[in-house]
1. Name, by its number, the condition in (1) within 21 Å of the chain's Cα centre (by Cα); (2) under 27 Å from A:Trp186 (Cβ atoms) that does not hold for B:Asp85.
2. Being buried (at least 20 other Cβ atoms within 10 Å of the Cβ), of a type in the set (A, V, I, L, M, F, W, C) and over 16 Å from the mean Cα position of the chain (by Cα) is true for just one of A:Leu160, A:Leu109, A:Leu104. Which residue is that?
3. Report, by residue number, each residue of region A:227-250 that is over 21 Å from B:Phe150 (Cβ atoms) and assigned to a loop (DSSP other than H, G, I, E, B).
4. Cβ-Cβ distance below 8 Å, separation of 6 or more or different chains: which pairs start in region B:39-56 with a residue that is closer than 18 Å to B:Leu104 by Cβ and end on one that is of a type in the set (Lys, Arg)?
5. Working only within region A:2-32, note down all residues that are under 15 Å from A:Arg273 (Cα atoms) and small (Gly, Ala, Ser).
6. Being aliphatic (A, V, I, L, M) and closer than 30 Å to B:Ala134 by Cα, is that true of even one residue in region B:256-268?
There are 2 protein chains.
Amino acid sequence: MSAAVDPSRLSINQETIKQWSMTDLAAGCAEEGVTGVGLWRAQVQEYGVERTARLMRESGLTVTSLCRGGFFTDIGEAARARALDDNRAAVDEAATLGTDTLVLVSGGLPHGSKDLTGARERIADALAVLGPYAEERGVRLAIEPLHPMFAADRCVVSTLGQALDIAERFPAAQVGVVVDTYHLWWDDQAPAQIDRAGRGGRIHAFQLADWITPLPAGVLLGRGQLGDGSVDFKAFRALVDGAGYAGAIEVEIFNEDLWARDGGEVLRETARRFRAHA
Amino acid sequence: MSAAVDPSRLSINQETIKQWSMTDLAAGCAEEGVTGVGLWRAQVQEYGVERTARLMRESGLTVTSLCRGGFFTDIGEAARARALDDNRAAVDEAATLGTDTLVLVSGGLPHGSKDLTGARERIADALAVLGPYAEERGVRLAIEPLHPMFAADRCVVSTLGQALDIAERFPAAQVGVVVDTYHLWWDDQAPAQIDRAGRGGRIHAFQLADWITPLPAGVLLGRGQLGDGSVDFKAFRALVDGAGYAGAIEVEIFNEDLWARDGGEVLRETARRFRAHA
C-alpha cells in the first residue's frame, strides 16, 4: 500500500464546483486550506484574465493547469488557422495565470470523416507550430487522452500510449500528457505508459475522477466523486509517483449532483475523499 | 480499396431486428435470401432449443453464433459454480443449434471491487474448465472484448489484445475471440491484434455495428446502422480477411429506432448497407 497522500497536493479543478463563481472559488479554497486550482478558459475570460491572476495570487492559490486548448482535427485551412490562433491565445492566458500547463482536448473526427489516423496527424501538425510558441512563454502543452467513448466527438487520442506517440515527437518542455484516472482506469497498458511518460518527464498533470455507472445520456457528466466507483486511486498514485511525478493532483469531476449541492460542502467532501482514497 | 463484399457472408444477429419473433426471423431471412443468423439464448429458450434448431434448418439458415455465455467475474464460490453450470448449458444449446461459436461477455467488476486484474484471472479460471467441455461438443468459446465504457458493469476485457492474452492460454479449438467493429474501432492497436488473432486461428466471429453519437443513457442501445457513423468497415474487413478469416459477417445492432420500424424494412436496409459499406 502507498503512504498516505500529502494533502497539500490537492488541487480543485473549478468544474468540480461549477456552482461557484471565481470569487467563491478563491475564498472557499482559502478557507479550506486548499492551495491549488485548475481553471477553465471560459470562466477565466468572463472574470478577466489579469483579474483572475491577481485574485488567485492574492488568495494564495497556485493555478495548476488551464483547460483547455486543442480541437486540432478540422480539415479546412481556415478552421485550422483559427484553431492555432485560439491556442496561441490559450497559451498567453496560461502564462498570465502563472501556470505552466495548458491541457489539450485534441478534437474528434471531423463531420463525415472515418480517418482516425489522419486526425491524429493533424494534431501533431498543430503541435509543431504551437510547441515552440508555448515553450517561449514557459507553458507546456499537455495532451489529455480521453476515454475511447469520446473518440468520435471530442478526442481521437484515446490512450496514454497514443498521447505519448504524439508527444514524443517534440521536446518534453513543449509537449507532454495528462494522466486522468477517469479516462485511463480500464487500460491494462496504462501502468507501462505512465512509466514511459514519467521517464520522459512528460507527466504534466495528474487528474482524478471516479468511474460510475450507469452513464448518463451524452456521457460527459457521468464522472463520480472519489470513492464512489471503480477506480483504484492509490494504485494510480503509486504508479504516477513511482514514475517521478511529485506535483499537484487535481480533482476534476463533472457531475450534476455535485453541482446541485452547496459548494463548500462539495469542497470539504472532496478534500476528505482525497485524503481517504488518493 | 477492398473488393466488394460477398453478400452471402451476411448474417443477421437477431437483436438487430428484435421486433421479430423467431418464426418472423426465419421467414424474413428466407424471403430476402439471407442465409445466416446469430441467435440469443433467451429467445432460443423461449421458442425451444430443439424447435429453434429445426426451424432454422428447415428455413435453410445457418446459425453463425449463439450469444451469450460468460459472466465469469463473480468472487463467491456459489456464484462461480452457477456461472459454470449456466455456461455448460449454453455450450449444449450451441451444439444443438449446430453453431460452432458461443460468444462470451465475460462480466464486469463485482460489486465494490476495483480489481480488474483479478477479474480477468477469474475469466481464465472458468475457461480452463469450460474449454474442454466445449471442444468435446464441437463448440468454440469466443471472448468478445467490449468497448472500455463497459469495463465496470459488463466486461473487463476491453481490447482485442486483452482478449487474446486470455485466449492464447488455451487451444484455438477451445477459445478464440470476437472482432466487433463497435467495440474496437477506436483502437490503433486493433490492426496488429487482428493479425495476431488470425495467425492463431482465433477469429471465431466478426460482427459489425457503427459508432454514432450522442450516446443514450446507459449507452447499451447506442449502436448505429452501418454507414451512419464513424466506423471504416471496409478497412476492418480488409484486416480481418487479410488475417485469414473467411466466415460469416454478422450485423449486430442494438438500436431502439431500428426496433420501432418494420422488421422486413430493417432487414432490407441492413442488407443494402452491408453491400455498400462492408
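What follows draws every value from the coordinates through simple rules; no lab data is involved. None of these values were measured; they are calculated from a predicted model. Reconstructed Cβ throughout: ideal geometry from the backbone, glycine too, with neighbour counts over all protein chains shown.
1. B:Asp85 satisfies all of (1) within 21 Å of the chain's Cα centre (by Cα); (2) under 27 Å from A:Trp186 (Cβ atoms) except (2).
2. Values: A:Leu160 fails: over 16 Å from the mean Cα position of the chain (by Cα); A:Leu104 fails: over 16 Å from the mean Cα position of the chain (by Cα).
Criteria check complete, one pass: A:Leu109.
3. A:Gly227, A:Ala243, A:Gly244, A:Tyr245, A:Ala246, A:Gly247, A:Ala248
4. If the second residue must be of a type in the set (Lys, Arg), the pairs left are B:Trp40/B:Arg68; B:Arg41/B:Arg68.
5. A:Ala4, A:Ser8, A:Ser11
6. We begin by selecting, within region B:256-268, every residue aliphatic (A, V, I, L, M); these are B:258, B:260, B:266-267.
With closer than 30 Å to B:Ala134 by Cα added as a condition, the list becomes none.
For region B:256-268, residues aliphatic (A, V, I, L, M) and closer than 30 Å to B:Ala134 by Cα: absent.
Residue by residue, here is whether (1) over 18 Å from the mean Cα position of the chain (by Cα); (2) within 17 Å of B:Ala190 (Cα to Cα); (3) within 12 Å of another protein chain (Cβ to nearest Cβ) holds:
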{"site": "A:Leu127", "(1), (2), (3)": "no, no, no"}
{"site": "A:Gly131", "(1), (2), (3)": "no, no, no"}
{"site": "A:Ala152", "(1), (2), (3)": "yes, yes, yes"}
{"site": "A:Cys155", "(1), (2), (3)": "no, no, yes"}
{"site": "A:Val175", "(1), (2), (3)": "no, no, no"}
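Yes or no, residue by residue, for (1) exposed (fewer than 14 other Cβ atoms within 10 Å of the Cβ); (2) within 21 Å of the chain's Cα centre (by Cα):
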site	(1), (2)
A:Val34	no, yes
A:Val49	no, yes
A:Thr52	no, yes
A:Ser59	no, no
A:Gly76	yes, no
